[in-house]
Amino acid sequence: MADKNKALKDFSLAVYSCRKCGQCGNKVTDAVPYVCPIKEASPGFDHFYSRGKIVIAQGLLEGDINSSEELAKVVYSCTLCGNCLLKCGAIDRESGEPMVDTVGIVEAMRTDLLKEHPEWVDDEYKALLTTTNQYDNPWGVPRSVKEKWAKKLSLPNALQKSSEVLLFVGCTAASNPALNARAIKAAEILLKAGVDLSILGKDEPCCGSVQKRIGAADQARVMMNKNISLLNKTECKTIVTLCAGCANALKNDYSKGKEKLKPRVLHLVEFLAQLLKTGKLQLDKNQNRKVTYHDPCHLGRHMEIYDAPREVLKALPGIEFVERTATRENTICCGAGGGMRLFESGTLAGKIGQAAVESAAQTGAETLVTACLFCEMNLEASAKIMNSQIRVDDIIDLVHEAV
Ligand code: SF4
Ligand code: SF4
């Protein structure tokens with residue numbers, strides 16, 4: 001097959017830069033008990049963490065290993081959390097950057113598998129891609145549903161009336177009635193701060209993030225290119241996303257295409273921190289709670305947004321903020337990323353989520369706050385399984401309560 005391992009071949013240099021040192025699977029310090037959540041939640045053999053996955057990638061490139069159903073399971077057992085990338089022992093001497101794009105390698109292996117052997121890829125992933133083709137969102141709801149949340153707010157459609165800020169809600173908060181409140185609260189906070197705001201409602205496309213993560217790189221690129229044209233048409237200056245995955249896609253993945261996105265992209269927590277600094281956002285209602293924060297991988301390790309959410313939380317009256325032991329770039333992944341909640345009915349995602357909840361509970365906090373709907377869903381489900389008393393909330397809820 002002429003095109004065999006096509007996507008992986010683009011990562012050959014990264015694959016051969018791996019020194020097989022195993023640092024991506026080691027304990028880092030007492031404060032950071034492990035690098036790879038999958039290694040920790042599984043029997044822990046080499047192929048569950050980065051070193052083993054890269055040995056497999058090399059074997060595929062050299063023709064020593066053939067794809068198989070078992071191999072597909074290994075390749076999809078990764079939350080793409082990026083911790084191994086940050087802890088990688090192969091550092092470029094000049095730039096100081098890691099030389100092994102561990103996340104890119106796994107995504108490339110998924111891309112090749114999905115193209116060459118879709119029969120070995122979990123049915124849930126293929127169903128998600130079919131749904132995206134039919135409805136232009138992974139949740140399978142008609143486009144008209146995506147504007148329902150905004151009915152009472154009378155926000156203009158950005159394609160008809162340009163505004164300073166476009167609130168990009170994302171498919172999850174826009175399509176899921178249980179999460180619509182997040183979109184409403186975000187819009188209400190921004191309107192209260194006097195932000196000139198618009199939305200796209202039923203015209204809001206899926207950002208393409210989840211499709212790219214599960215290996216549908218071509219489908220995601222088509223979606224992303226189409227979205228760039230649409231978003232540029234709005235002539236908005238800033239796009240504020242509610243979803244951490246959308247923020248990472250719009251900022252990092254969109255910039256890799258030929259066409260560039262003209263508006264700047266900020267996640268809501270960054271924008272809220274800016275509004276606080278300029279005095280446009282006032283937080284005055286007291287809420288007595290001890291909280292800790294979970295850094296979503298998309299926001300933290302992939303976008304280095306660590307300070308903004310902490311600035312917002314510390315500005316909330318009555319809030320006592322405590323850090324977990326493993327925090328910021330060392331945060332324990334929630335377990336839901338990289339499509340893991342769909343995979344194996346989320347067994348591994350559940351185990352990893354419980355470890356993340358446990359680390360939050362150890363702080364004595366009553367509330368575990370995050371800024372990603374996927375983290376929230378997995379952490380909440382994990383807390384329930386554990387009968388944990390800790391409550392899981394989105395930062396939007398706390399800010400909304402304070403304005
Ligand atoms: S990205 Fe995260 S889950 Fe995947 S191999 Fe690296 S540390 Fe493990
Ligand atoms: S991915 Fe990086 S840390 Fe892991 S074995 Fe290779 S060089 Fe070492």
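FYI, it's all coordinate maths here, none of it is from the lab. None of the values given here were measured: they were computed from a predicted structure. So basically every Cβ, Gly included, is an ideal-geometry build from the backbone, and we count neighbours across all protein chains shown.
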Just to confirm my understanding: which cysteines in the chain have no other cysteine beta carbon less than 4.7 Å from their beta carbon? Cys18, Cys21, Cys36, Cys78, Cys88, Cys171, Cys206, Cys236
Which translational diffusion coefficient, to the nearest whole µm²/s, is obtained for the stretch 36-185 from the Stokes-Einstein equation, given a Kirkwood hydrodynamic radius over C-alpha pairs, 10 °C and 1.306 mPa s? 85
Please compute the modelled spin-label separation between Lys152 and Asn66, points set 7 Å along Cα→Cβ, answer in nm with one decimal. 6.1
Rounded to the nearest 0.05, FRET efficiency between Glu311 and Gln389 (Cβ-Cβ, R0 25 Å) equals 0.35
Dipole of the chain, positive direction: furthest Cα of Thr278, Asn252, Cys297, with charges on the beta-carbon: Thr278
Ordered by packing density, taken as the mean number of other Cβ atoms within 10 Å over each peptide's residues, highest first, how do 103-111, 165-173 rank? 165-173, 103-111
Among 64-77, 290-303, 183-196, how do they line up by average Cβ neighbours within 10 Å per residue, starting with the highest? 290-303, 183-196, 64-77
Computed from the beta carbon distance with a Förster radius of 51 Å, FRET efficiency for Lys4 and Asn232 to the nearest 0.05 stands at 0.90
Express in nm, to one decimal, how much length is gained between Asp46 and Glu358 on full extension, taking 0.36 nm for each residue of separation and deducting their alpha carbon distance. 109.8 nm
Working from Cα positions, state the angle (0 to 90°, nearest 10) between the long axis of helix 347-361 and the longest principal axis of the chain. 50
Which values of log₁₀ I(q)/I(0), to two decimal places, follow from the Debye formula for the chain at q = 0.10, 0.14 Å⁻¹ with a uniform point scatterer at every Cα? -0.66, -1.30
Which Cα, out of Ala371, Val35, Leu266, lies furthest along the positive dipole direction of the chain (beta carbon charges, K/R +1, D/E -1)? Leu266
Could you give the distance between the Cα centres of the stretch 46-62 and the stretch 2-31, to the whole Å? 7
With +1 on each Lys and Arg Cβ and -1 on each Asp and Glu Cβ, how big is the dipole of the stretch 138-275 about its Cα centre, in debye rounded to the nearest 20? 160
Farthest toward the dipole's positive end in the chain, which of Leu61, Gln362, Val210, given Cβ charges of +1 (Lys, Arg) and -1 (Asp, Glu) about the Cα centre? Val210
Output the 0 to 90 degree angle, nearest 10, between the alpha-carbon long axis of helix 50-62 and the longest principal axis computed from the alpha carbons of the chain. 50
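Which length gain, in nm to one decimal place, applies between Ser162 and Ala181 when the Cα-Cα distance is subtracted from 0.36 nm times their residue separation? Walk me through the intermediate numbers first.
Values: separation 19, 0.36 × 19 = 6.84 nm, distance 2.44 nm.
Answer, rounded to one decimal: 4.4 nm.
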Can you give the calculated 222 nm mean residue ellipticity of the chain, where each DSSP H run of n ≥ 4 adds -39,500 (n - 2.57) and the sum is split over every residue, rounded to the nearest 500 deg cm²/dmol? -12000 deg cm²/dmol
Highest-first arrangement of 258-270, 351-363, 237-249, where packing means the average Cβ count within 10 Å: 237-249, 351-363, 258-270
Total charge dipole magnitude, the chain, about the Cα centre, Cβ charges on Lys, Arg, Asp, Glu only, Debye to nearest 20: 820
Could you tell me the center-to-center distance, by alpha carbons, between the stretch 178-214 and the stretch 267-344 in angstrom? 18
Taking the Cα centre of the stretch 283-402 as origin, sum charge times position over the Cβ atoms of Lys and Arg (+1) and Asp and Glu (-1), and report the length of that vector in debye to the nearest 20. 260
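Given 37 °C and 0.692 mPa s, how large is the Stokes-Einstein diffusion coefficient of the stretch 151-297 in µm²/s, with Rh as the Kirkwood radius over Cα pairs?
Estimated diffusion coefficient is 204 µm²/s.
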To the nearest 10 degrees, the tilt of helix 268-277 (Cα long axis) against the first principal axis of the alpha carbons of the chain is 50
